[in-house]
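Working notes for the structure below.
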Amino acid sequence: MSPFLAEITGTALLITLGGGVVANVVLDKTKGNNGGLIAITFGWAVAVFTGVYATAAASGGHLNPAVTIGLAVEGSFDWALVPSYILAQFIGAMLGAVIVWLSYRQHFDDTQDANAKLAVFCTAPAIRSAIHNIITELVGTFVLVLGALLLAKPEMKLGALDALPIALLVLGIGLSLGGPTGYAINPARDLGPRIVHALLPIKNKRDSDWSYAWVPVVGPIAGGVLAALVFKLVLR
């Protein structure tokens, strides 16, 4: 695969599995209804593992604009490639969101809670406060990107399981820091599906919460840049 196609494919896999586990938990009449946060965090960890594993050899398996920008700031990724990677990530995220909707369309129709329908596509804060929500997203993404940089070239290779440490890191972030905002930690993961929510003919849907949409973009990018600077100037 070309890096562009790899980022589309990997991010589509990420959202198909990640958004899929949210749909399974929050939508009515599913087999996994009310499965809870543990099911969601494990589902997202597997989604990250699958997406990164499938594309690491072709593109590095970024799947996240905050990771791409962070690596460029750190100096290990070419700034000239950043726009194409981010475009691919948004295309993949939107494609994955459409796949989730198609897979769960009957359950979207049978679910009355419009907030639950929106939650399949994007995050929302438990307590709405722009400053605190940005801080939470910044911290979560800082941990993700710094961890990715520290794990980028491990001395011990795991073969087919090389993507597992990143997946476990995302699991830990979800369990530890996911409570306040739902741990978007990825602008493409949140904004791409949010746009899809606005466009799709979902029965009895609410607005796409555009007043909050900037938070899971600004917070993760700031966290990724800060992690890259700390790694570059302090830890390396």
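The values are calculated or read from the model by the stated rules, or taken from the named source; none is laboratory data. Everything quoted here is computed from the prediction, not taken from an experiment. Positions of Cβ are backbone-derived with ideal geometry, glycine not excepted, and every protein chain shown enters the neighbour counts. Heads up: the accessible areas ignore ligands, DNA and RNA and are worked out on the full protein's heavy atoms, side chains in. Shrake-Rupley method; radii C 1.70, N 1.55, O 1.52, S 1.80 Å.
Of the residues LEU169, LEU164, LEU177, which single one is closer than 21 Å to VAL26 by Cβ and surrounded by fewer than 22 Cβ atoms within 10 Å (Cβ to Cβ)? Walk me through it before giving the result.
Numbers: LEU169 fails: closer than 21 Å to VAL26 by Cβ; LEU164 fails: closer than 21 Å to VAL26 by Cβ.
Among LEU169, LEU164, LEU177, only LEU177 is closer than 21 Å to VAL26 by Cβ and surrounded by fewer than 22 Cβ atoms within 10 Å (Cβ to Cβ).
Can we say VAL52 is within 30 Å of LYS29 (Cβ to Cβ) and in a helix (DSSP H, G or I)?
On the way: within 30 Å of LYS29 (Cβ to Cβ): no; in a helix (DSSP H, G or I): yes.
Judged against the criteria, VAL52 is not a match.
Just one of LEU5, LEU14 is among the aliphatic types (A, V, I, L, M), in contact (Cβ under 8 Å) with a residue 12 or more places away in the chain, open to solvent by 50 Å² or more (accessible area, probe 1.4 Å) and in a helix (DSSP H, G or I); which is it?
Working: LEU14 fails: open to solvent by 50 Å² or more (accessible area, probe 1.4 Å).
None of the others qualify; the one that does is LEU5.
Name every residue in the range 106-133 that is in contact with a Lys or Arg (Cβ under 9 Å, 6 or more places away or on another chain) and farther than 17 Å from ASP207 by Cα, in order of residue number.
GLN106, HIS107, ASP110
Restricting to the range 26-45, name every residue that is buried (at least 17 other Cβ atoms within 10 Å of the Cβ) and under 17 Å from the mean Cα position of the chain (by Cα).
Correct list: ILE40, THR41, GLY43, TRP44, ALA45.
Would you pick out the residues in the range 55-64 that are open to solvent by 30 Å² or more (accessible area, probe 1.4 Å) and either among the aliphatic types (A, V, I, L, M) or under 23 Å from VAL196 (Cα atoms) (or both)? Break it down into steps so the answer makes sense when it comes.
Looking only at the range 55-64, we keep the residues that are open to solvent by 30 Å² or more (accessible area, probe 1.4 Å), and these are 56-58, 60.
ALA56, ALA57, ALA58 - these are the residues of the range 55-64 that are open to solvent by 30 Å² or more (accessible area, probe 1.4 Å) and either among the aliphatic types (A, V, I, L, M) or under 23 Å from VAL196 (Cα atoms) (or both).
Would you please name the residue that is modelled with the highest pLDDT, looking only at residues in the range 140-163 that are in contact with a Leu (Cβ under 6 Å, 6 or more places away or on another chain) and of a type outside the set (A, V, I, L, M, F, W, C)?
Among those that are in contact with a Leu (Cβ under 6 Å, 6 or more places away or on another chain) and of a type outside the set (A, V, I, L, M, F, W, C), it is GLY140.
Restricting attention to the range 192-217, report how many residues are closer than 15 Å to ILE134 by Cβ and open to solvent by less than 70 Å² (accessible area, probe 1.4 Å). Spell out the reasoning first.
Pass one, the range 192-217, residues closer than 15 Å to ILE134 by Cβ: 211-217.
In the following step, the residues that additionally are open to solvent by less than 70 Å² (accessible area, probe 1.4 Å) were identified as 212-213, 215-217.
Total meeting the criteria: 5.
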